[in-house]
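Heads up, the thing below is written out as structure tokens.
The values are calculated or read from the model by the stated rules, or taken from the named source; none is laboratory data. Remember, predicted model here, so these are calculated numbers, not experimental data. Virtual Cβ from ideal backbone geometry, glycine too; neighbours counted across all protein chains shown. Calculation scope for accessible area: heavy atoms of the full protein, side chains included, ligands and nucleic acids excluded. Shrake-Rupley method; radii C 1.70, N 1.55, O 1.52, S 1.80 Å.
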Amino acid sequence: APKAAAKKKGKKAPEVQAFPWTTVDCSFEVNNRMTRRDLESLVRMHLALPATSAMSLYFPSPKFTTDPPVRYIKDDKVARDAADLFTKGNAVKKLYVKNLRLLPPHDPCKKVWEDRDKVLESITGSRHGINWEVCCVKQKPMPPGIPGTPFEIPVGDAIIFELPDTCDKGTYKMLHQSWVSNPVIIIGPVEETIEPRIPKGKKKAPVKDPDIQLSFVAVKPGTCSIWVELQWEAEEEALSRDAPESLKTIPCPVDNVAQMLLSVRVYDKAKAAAGKTADKPDFKWWSGDKWGKKGK
């Protein structure tokens with residue numbers, strides 16, 4: 001944890017929370033060839049944070065009369081702009097840190113493209129769906145046994161996370177990333193775009209945003225963890241003014257949708273048959289209290 005890392009080095013580390021800002025004086029040396037990752041590494045060293053910590057970085061805008069007072073470092077180009085500004089004598093040499101959080105120690109998953117149809121065909125059991133609004137907006141707990149004890153599923157079952165692709169009729173883009181601790185046991189994510197259905201007879205129905213479904217399929221027995229993060233930090237300034245009600249309830253533009261510990265057991269034909277209707281895999285959704293049909 002950040003506190004423990006700071007104690008070892010004799011420094012006081014900030015709480016790893018998404019809401020407060022942390023100001024960092026840029027006493028360390030910077031140059032205009034630095035990337036965003038370079039700046040993040042320097043901030044971690046300065047604040048004695050672990051290597052798995054992630055953050056949003058901002059720097060004072062040089063044109064504060066016409067631009068916002070701080071500028072979000074969204075990519076390497078903006079990182080070089082910040083580093084170039086810090087080399088000037090009259091510049092305010094500060095970085096502002098927000099949305100500090102800890103991520104898994106391994107690299108994020110890559111989407112399954114080449115074998116996506118084959119992976120989806122390997123779903124022979126139940127599909128367990130988890131919608132982001134249940135966990136983040138309604139703030140209901142994850143299924144029993146998560147994350148305290150493993151959630152048991154057989155080989156052939158799938159865990160499916162449903163996340164927003166865009167917000168406010170396509171105005172804002174939502175981003176996501178996921179981690180799997182053991183890709184031999186769980187394969188994924190297979191990403192599918194779910195377009196909203198237009199009710200019959202309603203030509204002028206309100207435009208809804210599409211969703212993204214991330215499917216993770218259990219293929220071998222064993223224990224594995226899944227971590228899913230949804231974030232809109234690049235859109236934070238605009239969304240702070242125009243956010244829909246579903247996002248206004250979430251003060252942080254980076255949300256940990258799920259941390260699931262799964263225990264995959266050997267495929268049981270009898271149990272799998274009981275979970276199917278007309279040879280179609282059963283689809284269950286988590287409501288915060290129980291598994292059932294979506295919207296129940």
Would you point out which residue out of 112, 97 is touching a strand residue (DSSP E or B) at 6+ places or on another chain (Cβ under 6 Å), surrounded by 13 or more Cβ atoms within 10 Å (Cβ to Cβ) and not in a loop (DSSP other than H, G, I, E, B)?
-> 97
Taking the stated definitions as given, is residue 187 touching a Ser or Thr at 6+ places or on another chain (Cβ under 9 Å) and modelled with pLDDT under 95?
-> yes
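Looking at the range 24-39, which of its residues are touching a Phe, Trp or Tyr at 6+ places or on another chain (Cβ under 8 Å) and under 20 Å from residue 77 (Cβ atoms)?
Those that are touching a Phe, Trp or Tyr at 6+ places or on another chain (Cβ under 8 Å) and under 20 Å from residue 77 (Cβ atoms): 26, 30.
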Scope the range 38-50; condition surrounded by fewer than 17 Cβ atoms within 10 Å (Cβ to Cβ) and in contact (Cβ under 8 Å) with a residue 24 or more places away in the chain; matching residues = 38, 50
So which pairs qualify, if the first residue must be in the range 170-197 and closer than 23 Å to residue 266 by Cβ, the second must be open to solvent by 60 Å² or more (accessible area, probe 1.4 Å) and at pLDDT 90 or above, the Cβ gap must be under 8 Å, and the two must be at least 6 apart or on different chains?
-> 182/223; 184/220; 185/220; 185/221; 185/223
Do you know which residues across the range 68-80 are free of Cβ contacts under 8 Å to residues at least 24 places away in the same chain and buried (at least 16 other Cβ atoms within 10 Å of the Cβ)?
-> 71
Say we look at the range 166-184 and pick out the residues that are open to solvent by less than 70 Å² (accessible area, probe 1.4 Å) and over 23 Å from residue 107 (Cβ atoms); which of these is modelled with the highest pLDDT?
-> 166
Determine, yes or no, whether residue 203 is over 25 Å from residue 178 (Cα atoms), charged (D, E, K, R) and either modelled with pLDDT under 75 or open to solvent by 10 Å² or more (accessible area, probe 1.4 Å) (or both).
-> yes
Inside the range 92-139, can you point out the residues that are without any contact (Cβ under 8 Å) to a residue 12 or more places away in the chain and basic (Lys, Arg)?
-> 110, 118
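Quick grid of which residues meet (1) in contact with a Phe, Trp or Tyr (Cβ under 8 Å, 6 or more places away or on another chain); (2) modelled with pLDDT of 75 or more; (3) surrounded by fewer than 17 Cβ atoms within 10 Å (Cβ to Cβ); (4) not in a strand (DSSP E or B):
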{"site": "197", "(1), (2), (3), (4)": "no, yes, yes, yes"}
{"site": "209", "(1), (2), (3), (4)": "no, yes, no, yes"}
{"site": "213", "(1), (2), (3), (4)": "yes, yes, no, no"}
{"site": "224", "(1), (2), (3), (4)": "no, yes, no, no"}
{"site": "229", "(1), (2), (3), (4)": "no, yes, no, no"}
{"site": "235", "(1), (2), (3), (4)": "yes, yes, no, yes"}
{"site": "273", "(1), (2), (3), (4)": "no, no, yes, yes"}
For the range 254-269, how many residues meet the condition of being touching a Lys or Arg at 6+ places or on another chain (Cβ under 8 Å) and either hydrophobic (A, V, I, L, M, F, W, C) or at pLDDT 75 or above (or both)?
-> 2
